[in-house]
Structure formats: structure tokens, C-alpha cells
Ligand code: SF4
């Protein structure tokens, strides 16, 4: 099956029934966010039900459970974390960088195993944000930058879209 996202956002080929699109689990309606909630998007949920997408939560893959303490990137963005120049810190001050790196590495492995060409990640998350993240002060202020998982996927040539970018084109795909 061949799908074409018009505007050149994605160009993917389905192989052997494998999922083409990986999506943040919280967008699929799974209650995996730090506070036990989800960010359900019905169109993304439809993709899961149609077996055209597969959910993934980098933070759970990194060893966290739900609920958990919120965390933000301090000293840069996800790329800086990969380079050892910034850290991911929990609200109480715990350094949780290693768990975020582990979750990013496992997510990349899953993306490669699924042969996914497009990954749709929840914006603003220290793992999944692809254009915006919080600024590390737990003040609700957002800055330009990506999360740790988004940064690792992008460095490995994976096409990463925020949910907004994806949903602007979803009718061309489903
Ligand atoms: S790590 Fe990503 S998928 Fe998991 S809850 Fe956070 S934003 Fe959602």
C-alpha cells in the first residue's frame, strides 16, 4: 500500500503488514502521561484501530511508570542531552537523564524494527517534543527545541512530525 501525503510531508510504503507510523501513546488515548492522563486524538486513535499505526511511549520504555514526577530539560534541548551538554531533571531535582536516553534508544530500535518512515510525537514533551519544549524552569514557559527521543530519531534520519503537523495532513493518509 502506498500513501502519499500531498505537500511533501511524508511518502511512505507499507511492507508486510507492519505499522507504517509510530505515534506517541498518549495521542492514541493511552493514559501514560506523567499525571496519568492522555492526549487522545480521535484521528490518531482511528489509525491505531485500523492497524496503520503503533503506539510508543519513550518514557515508559525508559523505565518510568505512571504516574511519575514531571521532568524538563535543563541547559538546552534534546540534542544537547544527546551530546552530554544538558540534563533531564525531575521537578524535585532528580537527574533522570539516563532514563530519557534509554527510552530514546529503545524507541529508535522500535522505529527501525517497524520500518516506520514517519513518527508522530506529542509536542512540548521532554521526550517527544519536536519543535517546542518547556524551558527547564517548571514555569510553563515553552522554548523552541526538541525532546530527547525526537532528537535521536531526527539524527537517525527518521521523519518526525508533531501531532499538529501530522493532523494537518491526516486526511490524505487515512
Ligand atoms: S513520553 Fe511521549 S508518549 Fe509518553 S506520555 Fe510523554 S509525550 Fe506521551
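The values are calculated or read from the model by the stated rules, or taken from the named source; none is laboratory data. On a predicted model such as this, the values are computed, not experimentally measured, just so you know. A quick note on method: Cβ atoms are made from the backbone with ideal geometry, for glycine too, and the neighbour counts reach across all protein chains shown.
Does residue 88 satisfy the criteria of being closer than 23 Å to residue 45 by Cβ, modelled with pLDDT of 95 or more and assigned to a strand (DSSP E or B)?
Details: closer than 23 Å to residue 45 by Cβ: no; modelled with pLDDT of 95 or more: yes; assigned to a strand (DSSP E or B): yes.
Judged against the criteria, residue 88 is not a match.
Kindly indicate which of 30, 22, 40 is in a loop (DSSP other than H, G, I, E, B) and either away from the ligand (no atom under 15 Å from the Cβ) or in contact with a strand residue (DSSP E or B) (Cβ under 8 Å, 6 or more places away or on another chain) (or both). So that I can check it myself, show each step before the final result.
On the way: 22 fails: in a loop (DSSP other than H, G, I, E, B); 40 fails: either away from the ligand (no atom under 15 Å from the Cβ) or in contact with a strand residue (DSSP E or B) (Cβ under 8 Å, 6 or more places away or on another chain) (or both).
Answer to the selection: 30.
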Practice problem: Scan segment 91-104 residue by residue and report those that are in a helix (DSSP H, G or I) and surrounded by fewer than 16 Cβ atoms within 10 Å (Cβ to Cβ). | Solution: 98
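When you scan segment 93-116, do you find a residue that is near the ligand (Cβ under 8 Å from one of its atoms) and under 13 Å from residue 146 (Cβ atoms), even just one? Can you show your working first?
Initially, segment 93-116 is screened for residues near the ligand (Cβ under 8 Å from one of its atoms), giving 103.
Then drop every residue that is not under 13 Å from residue 146 (Cβ atoms), which leaves none.
Within segment 93-116 (the criterion being near the ligand (Cβ under 8 Å from one of its atoms) and under 13 Å from residue 146 (Cβ atoms)), the answer is no, since none of the residues qualifies.
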Quiz item: Do we have residue 81 as under 20 Å from residue 163 (Cα atoms) and more than 11 Å from the ligand (Cβ to nearest atom) here?
Solution: no
Exercise. With respect to residue 81, determine if the residue is modelled with pLDDT of 95 or more and assigned to a strand (DSSP E or B).
Key: no
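Go through segment 43-56 and give me each residue that's near the ligand (Cβ under 9 Å from one of its atoms) and without any contact (Cβ under 8 Å) to a residue 40 or more places away in the chain. Talk me through it step by step, then tell me what you get.
The initial filter retains those residues of segment 43-56 that are near the ligand (Cβ under 9 Å from one of its atoms), namely 55-56.
Across segment 43-56, the qualifying residue is only 55.
Kindly establish whether residue 150 is farther than 23 Å from residue 37 by Cβ, in contact (Cβ under 8 Å) with a residue 24 or more places away in the chain and within 16 Å of the ligand (Cβ to nearest atom). Working first, answer last.
Values: farther than 23 Å from residue 37 by Cβ: no; in contact (Cβ under 8 Å) with a residue 24 or more places away in the chain: yes; within 16 Å of the ligand (Cβ to nearest atom): yes.
In short, no.
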Exercise. Please determine, by comparing only the residues of segment 48-78 that are under 16 Å from the mean Cα position of the chain (by Cα) and part of a helix (DSSP H, G or I), which one is modelled with the lowest pLDDT.
Key: 48
